[in-house]
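A.B. asks: This structure is in C-alpha cells; I'll ask about it shortly.
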Amino acid sequence: MTEHPDILQRVRRTPTTLADGRELIYFDDSEPYLSGATSRAAVDERPLDVRPTAGTMRLDALTGDWVSIADHRQNRTFLPPAGECPLCPTGGGTMPSEIPAHEYDVVVFENRFPSFASGSADTGSADTGSADTGSGGTGSTSSGATANPLLAHAPALGRCEVVCFTSDHGASFSSLSPTRARTVVDVWADRTSELSALDAVEHVFPFENRGEEIGVTLHHPHGQIYAYPFIPARTASLLRAATEHHQRTGRLLGADLLAAELDAGSRVVIRGTHWTAYVPYAAAWPVEVHLVPNRDVPDLVALASAERDELAEVYLDLLRRLDRYYEGPDGSPIALPYIAGWHQAPVHQGRDVSRLHLQVMSVLRAPGRLKYLAGSESGVGAWVNDVAPERVAARLRELG
Ligand SMILES: [Zn+2]
C-alpha cells in the first residue's frame, strides 16, 4: 500500500465562519478531531455587528512609508479578567469568546479590530489625494476631490489574523509541547501560503508580542499575522541590502552572514542540523537572537518536514533559555518580555535574494529596567545598545 504524505496528516484543518462573517480555522493535532471521529460543529451565537472593512492608510511623504490609520482599534479589548478572555474556549468563562468551541488545539481567526482587512471603506475625503503606492503598490488606489499628491491615501487592504497557540490561558509558547510547537510551525506556513495568494497582499509577517512591557493587551498565549498591501520599511531595507549583496557577489547575504557568524563562533547560541541561533554582530536590542535555517529558504512555506520538526525543538530550547536569562532578587527566573517576528521573502519581490529568519528581541536591559526607544532610536533610527552581543550569547549558551 502506498501512502501519500498528505494522507498521513499530522494536523486536521477545519475552516468555519464567525457570526460577523470573519473566518476561523481550527488546526487540530489531537483526538478526537485529528482523525475526524468528532467534527468541528460549534456555531458562534454572539450578536456581533457586521465585520469591519478595510480602513485607510496614508503615505508619509517625508519618508515614503505607509501608515495605517485604524482608529477603531482604540475600542479593542484591553487586559480583560481571565473569565472574559476572548481567546479562551467558549464555555469556561462568563462571556462567549471568539472561539465557539469548548476546546481547541491551535486556532486562527481574522482579527476583530484589524489594521488591514478585505473590502474597502476608503471613500477618499476632501483633504486626501490619489495614491502612488510605489514599489509595493496595491494597484487599488483612490482619488479625493482635491488631489494633492503629498496627501496620498489608499485602502488598508490585506488581512490581520490571530493565532491561539493553545487553549490553556496560563501557558506560554515556551511551555508548549514539541508536538504543539510543530503544529504552530505548520500553521504559520499554511497562513503564509494562503495570505500570499490574496490579491492585495505584498508581505506576510507572523509575529508574537509577549509581555505587558511591550504592549500586550491579552495574556492568553497567542501570536498574530499581518498581511500587508505594501512592503514594510524594515523589510524594504533588508531587501535592499540582500539585493546589493547578490548583485555584488552572486550569493545570498543571509547565507554569507550565517557562514561569518559560524566562523567567528562567539555569538552562536545553538547549532542544530537544520537551524542555527546566534546573537547578531550588530544587535540593536539589549537581548536579540536570530534563528536561521542552515539551508537557503525564502519563507516558512518552503521548509521541509525535518526542518519544521527541528524548528519546533530549537525554538522551544531558545525561548526556555530566554525565560531564564534574567533572575529576580530571590534567584527566580523572570519571564522575558519579547517580540518574535518571522522575516520572510516578500510575496512578489526579491524572492531569489531573500532568506528566511526569525528575529527575537527584548526591551528588558536588566531586571525591572526597560530600554526606551527614545531620542536617537525614535528620532533618527540610530540605535545605541549598552550590552555587548558576545556577552548575551555567552549567557544564553550557559543556560543550555
Ligand atoms: Zn484565555
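The values are calculated or read from the model by the stated rules, or taken from the named source; none is laboratory data. Since the structure is predicted, the reported quantities are computational estimates derived from the model, not experimental observations. Note: ideal-geometry Cβ built from the backbone for every residue, glycine included; neighbour counts use all protein chains shown. For the accessible areas, the whole protein counts, side chains as well, though only heavy atoms, and no ligand, DNA or RNA atoms are used. Shrake-Rupley method; radii C 1.70, N 1.55, O 1.52, S 1.80 Å.
A.B. asks: Subtract the Cα-Cα distance of A61 and A171 from 0.36 nm times their separation in residues, and report this length gain in nm to one decimal.
C.D. replies: Extending this stretch completely gives an extra 35.3 nm.
A.B. asks: What do you get for Rg/Rh over segment 256-333 if you use C-alpha atoms and the Kirkwood form of Rh? Numbers along the way, then the final one.
C.D. replies: Numbers: Rg = 14.0 Å, Rh = 13.8 Å.
Rg/Rh for segment 256-333 comes to 1.02.
A.B. asks: If you don't mind, another one. What FRET efficiency would be calculated for the residue pair A255, F207, taking the C-beta separation as r and a Förster radius of 22 Å, to the nearest 0.05? Mind showing how you got there, number by number?
C.D. replies: Working: r = 24 Å, r/R0 = 1.07.
Efficiency at R0 = 22 Å is approximately 0.40.
A.B. asks: What does the charge count around H343 come to, taking other residues whose C-beta lies under 12 Å from its C-beta (Lys +1, Arg +1, Asp -1, Glu -1)? Walk me through the numbers before you get to the answer.
C.D. replies: Numbers: positive: R234, R355; negative: D299.
That works out to +1.
A.B. asks: S193 versus L34, label points 7 Å from Cα toward the beta carbon: distance in nm?
C.D. replies: 1.9 nm
A.B. asks: Of S118, S305, S172, which has the largest mean-square fluctuation in a 10 Å C-alpha GNM of the chain?
C.D. replies: Among S118, S305, S172, the largest mean-square fluctuation in the Gaussian network model of the chain belongs to S305.
A.B. asks: Same structure again: Determine the calculated [θ] at 222 nm for the chain from helices alone, applying -39500 (n - 2.57) to every DSSP H run no shorter than 4 residues and normalising by the residue count; nearest 500 deg cm²/dmol. Please list the in-between numbers first.
C.D. replies: On the way: 5 runs with 76 residues, N = 400.
Helix contribution divided over all residues of the chain: -6000 deg cm²/dmol.
A.B. asks: Show me the three semi-axes of the equivalent ellipsoid for the chain, from the C-alpha gyration tensor (sqrt of 5 times each eigenvalue), largest first, rounded to whole Å. Working shown, then result.
C.D. replies: Working: eigenvalues 191, 174, 104 Å².
Those come to 31, 30, 23 Å.
A.B. asks: Using a 10 angstrom cutoff on alpha carbons, build the Gaussian network for the chain and name the most mobile of G21, G265, G250.
C.D. replies: For the chain, modelled as a Gaussian network with Cα springs under 10 Å, the answer is G250.
A.B. asks: Taking R0 as 30 Å, what FRET efficiency do you get between R46 and I214 from their Cβ-Cβ distance, rounded to the nearest 0.05? Don't jump to the answer; show the numbers that get you there.
C.D. replies: Details: r = 29 Å, r/R0 = 0.98.
Taking R0 as 30 Å, the efficiency between R46 and I214 is 0.55.
A.B. asks: While we're here: Using a Förster distance of 22 Å, how high is the FRET efficiency between R320 and M95, based on the Cβ-Cβ distance and rounded to 0.05? Numbers along the way, then the final one.
C.D. replies: Details: r = 33 Å, r/R0 = 1.49.
Efficiency, from the Cβ-Cβ distance: 0.10.
A.B. asks: Related question: Share of the chain's accessible area from carbon and sulfur, percent, 1.4 Å? Kindly include the intermediate steps, with their values, before the conclusion.
C.D. replies: On the way: 9580 of 18360 Å².
In the chain, the share of accessible area belonging to carbon and sulfur is 52 percent.
A.B. asks: Please identify the longest segment of the chain free of exposed GluC sites (Glu not before Pro), where exposed means a DSSP state other than H, G, I, E or B and no more than 10 other Cβ atoms within 10 Å.
C.D. replies: Numbers: sites that count: E3, E45.
By the stated rule (loop sites, at most 10 other Cβ atoms within 10 Å), 46-400.
A.B. asks: OK, next. At a 4.7 angstrom Cβ threshold, list every cysteine in the chain that has nobody to pair with, or say none.
C.D. replies: Flagged as lacking a Cys partner: C160, C164.
A.B. asks: Test of understanding: in a Gaussian network model of the chain with alpha carbons linked when under 10 Å, which of H348, H290, H220 would top the mean-square fluctuation ranking?
C.D. replies: For the chain, modelled as a Gaussian network with Cα springs under 10 Å, the answer is H348.
A.B. asks: Hey, rough spin-label estimate for I69 and R295, points 7 angstrom out along Cα→Cβ, what's it come to in nanometres?
C.D. replies: Distance between the two pseudo-spin positions: 4.7 nm.
A.B. asks: Within the chain, which complete DSSP H helices have Cα atoms spanning at least 15 Å along the helix axis and a mean Kyte-Doolittle hydropathy of -1.0 or higher?
C.D. replies: Working: long enough: 178-196 (27 Å, -0.54); 233-249 (24 Å, -0.88); 253-264 (16 Å, 0.96); 305-322 (26 Å, -0.35).
Helix filter hits for the chain: 178-196, 233-249, 253-264, 305-322.
A.B. asks: What percentages, rounded to whole numbers, describe P(r) for segment 242-372 computed over all alpha carbon pairs with 5 Å bin width beginning at zero?
C.D. replies: 2, 10, 18, 21, 20, 14, 8, 5, 2, 1, 0
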